[in-house]
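Remarks on the structure that follows.
The values are calculated or read from the model by the stated rules, or taken from the named source; none is laboratory data. Everything numeric in this text was worked out from a predicted model, so none of it was measured. FYI the Cβ positions are ideal-geometry reconstructions off the backbone, even for glycines, and counts take in every protein chain you see.
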Amino acid sequence: MALKMVKGSIDRMFDKNLQDLVRGIRNHKEDEAKYISQCIDEIKQELKQDNIAVKANAVCKLTYLQMLGYDISWAAFNIIEVMSASKFTFKRIGYLAASQCFHEGTDVIMLTTNQIRKDLSSPNQYDTGVALTGLSCFVTPDLARDLANDIMTLMSHTKPYIRKKAVLIMYKVFLKYPESLRPAFPRLKEKLEDPDPGVQSAAVNVICELARRNPKNYLSLAPLFFKLMTSSTNNWVLIKIIKLFGALTPLEPRLGKKLIEPLTNLIHSTSAMSLLYECVNTVIAVLISLSSGMPNHSASIQLCVQKLRILIEDSDQNLKYLGLLAMSKILKTHPKSVQSHKDLILQCLDDKDESIRLRALDLLYGMVSKKNLMEIVKKLMIHVDKAEGTTYRDELLTKIIDICSQSNYQYITNFEWYISILVELTRLEGTRHGHLIAAQMLDVAIRVKAIRKFAVSQMAMLLDNAHLIASNTQRNGICEVLYAAAWICGEFSEHLEESNQTLEAMLRPKVTTLPGHIQAVYVQNMVKLYASILQQKEQAGEKEAAQEITQLMIDRLPQFVQSADLEVQERASCILQLIKYIQKLQIKEVPVAEEVIALFAGELNPVAPKAQKKVPVPEGLDLDAWINEPPSDSESEDEKPKTIFHDEEQRHSRNRQPEIDEEELARRREVRKQEQANNPFYIKSSPSPQKVSLAC
Amino acid sequence: MIKFFLMVNKQGQTRLSRYYEHVEIHKRTMLEAEVIKNCLSRSKEQCSFIEYKDFKLVYRQYAALFIVVGINETENEMAVYELIHNFVEVLDRYFSRVISSNGARSGESTNVPSHSEQGWTKY
């Protein structure tokens, strides 16, 4: 027995504490994982000991290992043991480990309830403090429900150290167990006027967070916060209060009006950038909600924009970023005020910092005009070339397209230039916005008739070089552009110069590697092209050329018929049959081009969204009259059937109910009685109405 | 809302991590690696706010140590930036006299220049 104790204490001398562990890990850089698993084994041994100091040491090491990424949830029960130590330093280790590793899924959390309750009512304020801090990280709805009352009483503790922590943890408790808010709220309000500034700012924090979730309930506190705002000098508290006001002003415009003055005072007087930024943000929010255009508000907007300009011009990148961020908020409601600072924003576009460039890009939206659009886009294209393989490049792409297409292409004077920009954009690899470019091409080509010739020639070029683009077949990749190219060439084939060449480009075997929906479009448009070529040749009297083309189609279409995509298969088979039929006609020397062209007659014009309303309703048509008899009321009680049988029976009963009058009823009764009389199996029971539902 | 608070050294090793929302262990290591990569690739002239996925990172460099805080969009970025500095000053005051025994606890020994007054400084 004594020997065992001696052996035990010798073993303990060689235990590693946290410092040794950290040093050991740093010394074992090559075989770190092996060393750590060795340490974990040692820790498991230590946890089996009875000595609480040893256990605490082990848990301390485990906390460090958890931070490095090793899972320690197997030691949850041991952590709870350490939490229940009487010595404060061990207890602290236990709570720290719990706060790092316990979460709602940990089963043993329920065992902590009583321990925490004991600690909360401990005479030692540090015990209470550490319990509160630890609890805030792993509180669950059950724990919140059980401990809410204890924490509420702690809010009125004599020591501010405890009051502060109790107030802060109430927020977490409210989140997990919302019913605790009502009884605790009056006390929380009291804490706003607590003599200790720490407790006061804790209360401000909690109420600000609560108000952000549900601003309506906290409007009544606005006067109190107003007083606090004007009297407090603590910047952290001021930031929170101002943020709170920003959340409340949309609900109460008078509050907004009252706020503008103190906020502008703060903006002028403060030297703290974060406070300035918060004030500017809130002023913007207030002005947006008040956007009734009162004269003195434009002065406030000017002041804000002025201050933001100073921020943006500052050499400190952080301030630039914040200035741009706030400007973009103003842009949404007061674009004109921002436009005068165009030059500054364009400068920011060239900044080395990507975050700043992204913010400047956002602002560009409101800054373009007819004159500077081309210049801006040219600049952006240079950036696009420089920014290889980043998300920034994708952003640029979407931005370029957004800017150009806003307000129905209001700022584009030269659509041919726009098409060439789009074609240049197709050279980008690895983008996820191919469909955007495709959609733009289609849109412009359809709506702007004048440039169709140019567009078609560009598209034909794209189709020719399709092998460069087709290598990238990811979804929404740049190969989507071929979709647009094929469709445009097919639809507007009259503008094509080298129809034969284009048709051959579309029939290349490489096309079958493209995604299904693109191939389908190819197939469809091939026929359109073929039809127009056929017409050309027949009009020119070149019968052999016409037959050659037909043969070419018949040769190459089967590769599409074998496609795995159903749409492509269907279309290709249909068209193959059609062309074989045409071939037969051609052999008999029947001119067939006119009929083939007729298949594709008629132009599809874009339809405005409000066009339907403009269609005049013809005479005598009442759009509100019923087409069929309205269903009777009993049928309208369409309950979801509980069983299949129930449903069928209901339906039968409903079918019988409408249009029954007296004679019908009597006749049916007679018939039924006859049947029952003849039926040997019918049990003549009491004359109760036949129940229809058999639902059980 | 602050999502997490990290202290990382230049080699990418996490010295301190504190998460305020539950994140799975293996996801934590992935997240930390990516976040650190983003921060290390920035130069001195670039701003301290990075837009990452659907939240923002605010980072500050002190000698060989990076402190990174992940915040969501409701938070004032500048206030968090100054909070980081506040935190470092607190550490400095608390640990500067007790270097040897607490050096390991607070991570790598950092040569944090100690400021004599807490700064709401004009930039």
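Annotations for the structure displayed:
- The numbered conditions (1) within 12 Å of chain A (Cβ to nearest Cβ); (2) modelled with pLDDT of 85 or more are all true for B:R93 except (1).
- The set of residues from segment A:159-172 being of a type outside the set (G, A, S) and either farther than 17 Å from A:P197 by Cβ or buried (at least 23 other Cβ atoms within 10 Å of the Cβ) (or both) comprises A:K164, A:K165, A:V167, A:I169, A:M170, A:Y171, A:K172.
- Of all residues in segment B:72-89, those that are in contact (Cβ under 8 Å) with a residue 24 or more places away in the chain and more than 9 Å from chain A (Cβ to nearest Cβ) have Cβ atoms under 6 Å from Cβ atoms of residues that are charged (D, E, K, R) and outside any helix (DSSP H, G or I), 6 or more apart or on another chain, in B:I84/B:R60.
- Residue count for segment B:23-69, restricted to those that are within 9 Å of chain A (Cβ to nearest Cβ), surrounded by 13 or more Cβ atoms within 10 Å (Cβ to Cβ) and in a helix (DSSP H, G or I): 4
- Filter pass, A:V280 being within 14 Å of chain B (Cβ to nearest Cβ), part of a helix (DSSP H, G or I) and within 20 Å of A:H334 (Cα to Cα): yes
- Residue in segment A:478-487 that is surrounded by fewer than 23 Cβ atoms within 10 Å (Cβ to Cβ) and part of a helix (DSSP H, G or I) present: yes
- Residues satisfying the stated conditions in segment B:12-22, i.e. facing chain A (nearest Cβ under 10 Å) and of a type outside the set (F, W, Y): B:Q13, B:T14, B:R15, B:L16, B:S17, B:R18, B:E21, B:H22
- Of all positions in segment A:268-277, at least one carries a residue that is within 26 Å of A:L238 (Cα to Cα), modelled with pLDDT under 85 and more than 13 Å from chain B (Cβ to nearest Cβ).
- Subset of segment A:404-429 that is at pLDDT below 80 and outside any helix (DSSP H, G or I) - its residue that is farthest from the chain's Cα centre (by Cα): A:T413
- Residue among A:K371, A:K352, A:K336 that is more than 16 Å from A:C404 (Cα to Cα), without any contact (Cβ under 8 Å) to a residue 24 or more places away in the chain and not in a helix (DSSP H, G or I): A:K352
- Listing of helices (runs of 4 or more DSSP H) fully contained in segment A:119-209 that carry 2 or more residues being in contact with a Phe, Trp or Tyr (Cβ under 8 Å, 6 or more places away or on another chain) and farther than 25 Å from A:I79 by Cα: A:181-191
- The condition (being of a type in the set (V, I, T) and either within 14 Å of another protein chain (Cβ to nearest Cβ) or within 28 Å of B:L57 (Cβ to Cβ) (or both)) is satisfied by just one residue among A:V368, A:V384: A:V384.
- Residue match in segment A:353-360 (condition: closer than 17 Å to A:S300 by Cβ, hydrophobic (A, V, I, L, M, F, W, C) and more than 9 Å from every other protein chain (Cβ to nearest Cβ)): no
- Within segment A:1-100, helices (runs of 4 or more DSSP H) holding 3 or more residues that are free of Cβ contacts under 8 Å to residues at least 12 places away in the same chain and either polar (S, T, N, Q) or farther than 24 Å from B:K27 by Cα (or both): A:2-13, A:18-27, A:32-48
- Under the condition of being of a type in the set (S, T, Y) and not in a strand (DSSP E or B), the residues counted in segment B:1-22 number 1.
- Applying a threshold of 7 Å to beta carbon distances and a minimum spacing of six or more residues, or different chains, the list of pairs starting in segment A:209-235 at a residue that is in contact (Cβ under 8 Å) with a residue 12 or more places away in the chain and ending at one that is surrounded by fewer than 17 Cβ atoms within 10 Å (Cβ to Cβ) and among the polar types (S, T, N, Q) reads A:R212/B:T74.
- Subset of segment A:67-94 (residues that are touching a Gly at 6+ places or on another chain (Cβ under 6 Å) and either within 14 Å of another protein chain (Cβ to nearest Cβ) or β-branched (V, I, T) (or both)): A:I79, A:V82
- All helices (runs of 4 or more DSSP H) inside segment A:550-617 with 2 or more residues being of a type in the set (D, E) and either crowded, with 17+ Cβ neighbours inside 10 Å or at negative phi (or both): A:566-587, A:593-598
- Taken over segment A:102-136, residues that are surrounded by fewer than 21 Cβ atoms within 10 Å (Cβ to Cβ) and within 14 Å of chain B (Cβ to nearest Cβ) amount to 7.
- Test: residue in segment A:218-225 that is surrounded by fewer than 16 Cβ atoms within 10 Å (Cβ to Cβ), under 21 Å from A:V283 (Cβ atoms) and either away from every other protein chain (no Cβ under 14 Å) or not β-branched (V, I, T) (or both): yes
- Per-region count, segment A:7-39, residues away from chain B (no Cβ under 14 Å) and not basic (K, R): 13
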